[in-house]
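The values are calculated or read from the model by the stated rules, or taken from the named source; none is laboratory data. The shown structure was predicted, so the numbers you read here are calculated from the model rather than taken from an experiment. Please note: Cβ atoms are built from the backbone with ideal geometry, for glycine as well, and neighbour counts cover all protein chains shown.
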Amino acid sequence: MLEMRDVRLRQGDFELRANWAIEAGARVSIIGPSGGGKSTLLDVIGGFLTPSSGQVIMAGQDQRGVTPGERPLSLLFQENNLFPHLSIFDNVALGLDPSLRRARKRRTEIEAALAETGLAGLSLRRPDALSGGQRQRAALARTLLRKRPILALDEPFAALGPALRAEMLELVTSLADRHETTVLMVSHSPEDAKALGGALIFVEDGLAHPPLPMETALGNPTKGLRAYLGQIP
């Protein structure tokens, strides 16, 4: 479970507020206008920003003082953060050991993660020899090896075309089901949110509203969400 217990973060004139919980294994899309606080919310959950008050609870544990690398989640960004001088094998192996010394001894595990994300046979290539979609698959394979119960995605497929984006979302949902992973996805796209399914959190003016089932949120949107979706009031 992930719980945002009366969380508030103040940054100058901006304040982020969140007070809700999601169950383990949930799929949750986070959408809203630019500057509303979506990525800031993910940064608080990931430990890159410290709340001014309140608690971030993961698996029953208060995450106060826990560094991003020690938290029970993996993050995948739009920029996949692959190192251009390393092979895809080594880039993925970093998920096991930043020094790579021990990770390279776990070849079977790494090759299995590559195969699971559709990259079998490409381990020796470098990132510049792969397509954008393949690079994101490699970044996704790295998160799989970390075996964290929560996967947080910050617009990871925004730069991809519609067909490839749909393909990647299908892969994420398939892997999440297989590994019983909780998925949080920041997106500007209601269509991507529908594809992920599950629940929706609408963030506007610093308020991260409690999650609602996707059908409820989009079928009977609030005034703010209706405006965001471009629907006539």
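Checked against (1) acidic (D, E); (2) farther than 30 Å from L218 by Cα; (3) modelled with pLDDT under 90, E70 passes all but a single condition, namely (3).
Would you please name the residue that is farthest from I30 (Cα to Cα), looking only at residues in region 210-233 that are of a type outside the set (A, V, I, L, M) and within 18 Å of the chain's Cα centre (by Cα)?
Let us first name the residues in region 210-233 that are of a type outside the set (A, V, I, L, M), namely 210-211, 213, 215-216, 219-224, 226, 228, 230-231, 233.
Adding the requirement that they be within 18 Å of the chain's Cα centre (by Cα) leaves 210-211.
On the way: P210: 10, P211: 9 Å.
Going through the qualifying residues, I end up with P210.
Using the structure shown, decide if G60 is surrounded by fewer than 17 Cβ atoms within 10 Å (Cβ to Cβ) and not acidic (D, E).
yes
G118 satisfies every condition listed in (1) of a type outside the set (F, W, Y); (2) closer than 20 Å to L144 by Cα; (3) assigned to a strand (DSSP E or B) except (3).
Give region 2-18 a look and list any residue that's under 12 Å from G206 (Cα atoms) and of a type outside the set (G, A, S), or say none. Show your work before the answer.
Start the filter on region 2-18 by keeping residues that are under 12 Å from G206 (Cα atoms), which leaves 7-11, 13-18.
The answer is V7, R8, L9, R10, Q11, D13, F14, E15, L16, R17.
Scanning region 131-138 turns up no residue that is farther than 24 Å from D177 by Cα, out of contact with any strand residue (DSSP E or B) (no Cβ under 9 Å at 6 or more places or on another chain) and modelled with pLDDT of 90 or more.
For every residue, the table says whether it meets (1) of a type in the set (V, I, T); (2) free of Cβ contacts under 8 Å to residues at least 60 places away in the same chain; (3) closer than 18 Å to L16 by Cα; (4) outside any loop (DSSP other than H, G, I, E, B).
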{"position": "L42", "(1), (2), (3), (4)": "no, no, yes, yes"}
{"position": "L49", "(1), (2), (3), (4)": "no, yes, yes, no"}
{"position": "V66", "(1), (2), (3), (4)": "yes, yes, no, no"}
{"position": "S74", "(1), (2), (3), (4)": "no, no, no, yes"}
{"position": "N81", "(1), (2), (3), (4)": "no, yes, no, no"}
{"position": "N91", "(1), (2), (3), (4)": "no, yes, no, yes"}
{"position": "S99", "(1), (2), (3), (4)": "no, yes, no, no"}
